[in-house]
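In what follows, a structure is listed as structure tokens, so that the remarks can point back to it.
The values are calculated or read from the model by the stated rules, or taken from the named source; none is laboratory data. Because the structure is a prediction, the values reported are computed rather than measured. Don't worry about glycine lacking a Cβ; one is built from the backbone with ideal geometry, like all the others, and counts go over all protein chains shown.
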Amino acid sequence: MIRLRAWQIKCVEKALSIYESQSHFLCQATPGAGKTVMVASVAKALFQRDKIDFVICFSPSRAVADGVATTFGHILGRSFNGQIGAAGGSYTYQSMDTLPEELWQVLREYRVLVVLDEIHHCSGVVWENSSIGNSWGRTILEKIQGRARYTMALSGTPWRTDDSPIVLSHYKTCNGRISCDYEYGLQQAISEGVCRAPKIALTDNREISLKSDELGCKTFASISESLKNEHITYSDFLFRDEVIDQMLSEASAKLTSIRKHTPLAGGLVVAASVAHAEQIEGRLAATGEHPIIVNYQTPEAQRIISNFKASSDRWIISVGMISEGTDIPRLQVCCHLSRIRTELHFRQVLGRILRRQPEDPADTSAWLYVLAEPNLAEFARRIGEDLPGEKVVSFVPNSETLGTQKSKAMKFYQDNNFAFTLNLEDQSSVDDSGQAGKIADEEEVDLCISNQYWNEVLALFATSN
């Protein structure tokens, strides 16, 4: 029998109370806090009170969906495979378009709790009987809203990179910030021993030289200053062997230190591409390490992740597989070497190393190593804010339907007293397209990075270690 944490008990009670008068509930709880156990406990209580007949869960990846099914099956004491006689089923958002009509029919004919994990992936609103948003959000609006007896949305980071509205959510009209029915922040989770305290090491360099016919030779005292030059990009640093070696050396030393008192502690490297992951593997192998690689092309990727979770291996290198929702509690050190530079992704990566193992009293800190790129440094400093900044709701339309979407979205927000901004800025500085940062000039530029590295360590929460 799973013993619920104090916050989980309070959240279950709050959800059951709210369900007496409304059908939707949004829980914001920091990554690693145990949201799946909490919502499975809500489902169990609703079954016991004869309020529901089935549960249907949606998640952003197969690995997370499988984990949800396992947790629900354990807590409910029933199979959760979507078959006849099961308490319900767990599916991915990606599968929504291919699910049989019979599943959607269940929503119309039975009392169903629908769980929407990591709801920030789903954007959408209804305006004049039509839905606006991404495909997952529109499916929720058209097939789940108004049909499910209850819905529960979960997120550790309830906002979107494009600031478009999260489906089924309510926003505070004074500042456009999302309104959550229950919030459990990182600081509270750390103080209650639920999560580790993060320590973020921003790796920088005091002597970076650029040389070209146009530039001549210029030397910069930081990564941030060199990127302002516009002749190089963030990716130019990510793929340099000497930069990779420096970050891996620092992280490996920290992992070795941690394993003296937590022998099974592991490390995660979030890579930018498959080729990048193989490059990192080679650099680690040169130091005597034997890392595991997993990416979206890896056969039986979920089996490999599960094997690593139960092993004593030191390192796993991931490309788009372990950035969100995947539960590997023994991960305690991470190197962020992805091209993606959004606050949402940054926090999700950090969340992979925050889940504390309560049986280990020394397991109190997690270490994230990241280059001191300006955006990433700012995100690191804002980790103490559970909902950073005054979030102005905006809608970013697809360019193909710009006119129609813009007019609909503007009218929706004007009618609801929201601030509205249309953001058409180039997203190349924050995506994973390979064009991270400003586009470099055609001229060939020689980049020379000295060995004068240094780390600014942000210990954002008080901890004994």
**Request:** Check ILE223 against each of (1) in the same structural domain as PHE25 (by TED's automatic domain parsing); (2) in contact with a helix residue (DSSP H, G or I) (Cβ under 7 Å, 6 or more places away or on another chain); (3) crowded, with 21+ Cβ neighbours inside 10 Å and name the one condition it does not meet.
**Result:** (1)
**Item:** Hits in region 21-49 - residues which are over 26 Å from THR139 (Cα atoms) and either in a loop (DSSP other than H, G, I, E, B) or touching a Phe, Trp or Tyr at 6+ places or on another chain (Cβ under 7 Å) (or both)
**Value:** THR30, GLY32, ALA33, GLY34, ARG49
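Rundown of residues vs (1) under 30 Å from ASP363 (Cα atoms); (2) assigned to a strand (DSSP E or B), yes/no style:
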site	(1), (2)
THR139	no, no
GLU142	no, no
ILE200	yes, yes
CYS217	no, yes
PHE237	no, no
**Request:** Answer with yes or no whether THR157 is assigned by TED's automatic domain parsing to the domain that holds GLN22 and in a strand (DSSP E or B).
**Result:** no
**Asked** Condition test on ARG206, is it within 30 Å of CYS11 (Cβ to Cβ) and surrounded by fewer than 20 Cβ atoms within 10 Å (Cβ to Cβ)?
**Response** no
**Message:** For the structure I just gave you, tell me whether GLY89 is crowded, with 21+ Cβ neighbours inside 10 Å and at pLDDT 95 or above.
**Reply:** yes
**Request:** Go through region 338-364 and count every residue that is over 17 Å from the mean Cα position of the chain (by Cα) and at pLDDT 90 or above.
**Result:** 0
**Complete:** The number of residues in region 172-186 that are in contact with a Leu (Cβ under 9 Å, 6 or more places away or on another chain) and either part of a helix (DSSP H, G or I) or β-branched (Val, Ile, Thr) (or both) is 2
**Request:** Please enumerate the residues belonging to region 50-94 that are part of a helix (DSSP H, G or I), in contact (Cβ under 8 Å) with a residue 60 or more places away in the chain and within 18 Å of ILE322 (Cα to Cα).
**Result:** ARG62, ALA63, VAL64, ASP66, GLY67
**Item:** Some residue of region 95-114 being outside the structural domain of PHE308 (by TED's automatic domain parsing), hydroxyl-bearing (Ser, Thr, Tyr) and part of a helix (DSSP H, G or I)
**Value:** yes
**Fill in**
With the first residue restricted to region 440-454 and required to be assigned by TED's automatic domain parsing to the domain that holds PHE237 and under 22 Å from GLN246 (Cα atoms), and the second required to be modelled with pLDDT of 85 or more and basic (Lys, Arg), Cβ contacts under 7 Å at 6 or more apart or on different chains are ASP446/LYS211; ILE449/ARG240; GLN452/ARG206; TRP454/ARG206
**Asked** Looking at region 105-126, which of the residues that are crowded, with 16+ Cβ neighbours inside 10 Å and over 28 Å from the mean Cα position of the chain (by Cα) is nearest to THR157 (Cα to Cα)?
**Response** LEU107
